[in-house]
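Below is one structure, written out as structure tokens; the observations come after it.
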Amino acid sequence: MTIPEFQRHKLDKKKLIVVTAYDALFTRIVEQAGIEAILVGDSLGVVVQGQADTLSVTMDDMLYHAKLVAGAAQRALVIGDMPFMSYQASSEDALRNAGRFLQAGAHAVKVEGGVAVIDRVAAMTSIGIPVMGHLGMTPQSVHRYGGYKVQGRESDRAAALLKDATDLEAAGAFALVLEAIPAELAKRVTEQLTIPTIGIGAGPHCDGQVLVLYDLLGLFDDFVPKFVKPYAHLKSDALQALRRYKEEVESGAFPSESESYH
């Protein structure tokens, strides 16, 4: 999957499927499932590191996981999620850190925000760094929102989001994530833009969808937003397997002759 191929999906009315991944093993599984776009999300701060939010994730954290994913990916478009304060302070920071992502093997980067980051996006795209935007509920601004809340319900906020979307496209963004906004607003944004929209809690009208891998596999259930649909329940399977292992070691059933060398 290349950036032009990714964008052609919108013209061909073919849905884009994106998931997060943070390591080589799951990257290979994701590709075997036929999914061709992987976001190395700063969500790893919550689902991997056990933090309350994504704000403590560093560039070094992100580069480590980006290298794992990019090293294992054979076909997927790999997008690196730029963590908090890796691009907000200046365009120079944005360029430097986005370049580090590409050197780690990512094909593109993602940034959160609208008007405040337009110049950063333009600076990156002007030198050939593909940038995906992210509007709506932007997790790096969680404290401003007072928690993880749906955005864009009020008419003025909806209008501002529409303008931000247009401005991001004009700045050169190749795609746009829309998170936790009303489905009707996501539909308007999708129809307004020529670049693809990727929804997460934004209804069915976006050009594609993205979910956190651990959420869709049922591995992470500390916090399950309304928009998450678990397609498996691997946490319960893992618990059952670990409990059986414990019981068999305690009873002497494992290891048996079958698992022993002579």
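Residue count for the range 57-78 satisfying the condition of being among the basic types (Lys, Arg) and in a helix (DSSP H, G or I): 1.
For Phe223, the criteria (1) within 24 Å of Tyr145 (Cβ to Cβ); (2) among the aromatic types (Phe, Trp, Tyr); (3) over 18 Å from the mean Cα position of the chain (by Cα) hold in every case but one, which is (3). For the criterion of being under 19 Å from the mean Cα position of the chain (by Cα) and surrounded by fewer than 23 Cβ atoms within 10 Å (Cβ to Cβ), Gly208 passes. Scanning the range 27-48 for residues that are farther than 16 Å from Gly80 by Cα, of a type outside the set (A, V, I, L, M) and surrounded by 13 or more Cβ atoms within 10 Å (Cβ to Cβ) gives Arg28, Glu31. The set of residues in the range 79-99 being surrounded by fewer than 19 Cβ atoms within 10 Å (Cβ to Cβ), in contact (Cβ under 8 Å) with a residue 12 or more places away in the chain and in a helix (DSSP H, G or I) consists of Ser91, Leu95, Gly99. Of all residue pairs spaced 6 or more apart or on separate chains, those with beta-carbon atoms under 7 Å, a first member in the range 104-125 that is at positive phi and a second member that is part of a strand (DSSP E or B) are Gly105/Val78. Within the range 188-199, if we keep just the residues that are of a type in the set (A, V, I, L, M, F, W, C) and buried (at least 23 other Cβ atoms within 10 Å of the Cβ), the residue that is farthest from the chain's Cα centre (by Cα) turns out to be Val189.
Contact annotation: no residue pair with Cβ atoms under 9 Å, 6 or more positions apart or on different chains, pairs a residue in the range 235-258 that is loosely packed, with under 10 Cβ neighbours inside 10 Å with a partner that is assigned to a helix (DSSP H, G or I) and among the basic types (Lys, Arg). Note on the range 188-209: among residues that are touching a helix residue (DSSP H, G or I) at 6+ places or on another chain (Cβ under 8 Å) and assigned to a strand (DSSP E or B), the one that is nearest to Gly41 (Cα to Cα) is Gly199.
Whenever a residue of the range 182-209 is assigned by TED's automatic domain parsing to the domain that holds Asp12 and more than 14 Å from Leu135 (Cβ to Cβ), it has no partner that is modelled with pLDDT under 95 and among the aromatic types (Phe, Trp, Tyr) lying with C-beta atoms less than 6 angstrom away and at least six residues away or across chains.
Hey, could you check the range 1-23 for residues that are among the β-branched types (Val, Ile, Thr) and not in a loop (DSSP other than H, G, I, E, B) and say which is surrounded by the fewest Cβ atoms within 10 Å (Cβ to Cβ)?
Restricting attention to the range 1-23, the residues satisfying the condition of being among the β-branched types (Val, Ile, Thr) are 2-3, 17-20.
Filter once more, keeping what is not in a loop (DSSP other than H, G, I, E, B): 3, 17-20.
Values: Ile3: 15, Ile17: 17, Val18: 26, Val19: 24, Thr20: 25.
So the residue we want is Ile3.
The values are calculated or read from the model by the stated rules, or taken from the named source; none is laboratory data. Since we're looking at a predicted model, the values are computed, not measured. Cβ coordinates were reconstructed from backbone atoms using ideal geometry, including for glycine residues, and neighbour counts include every protein chain displayed.
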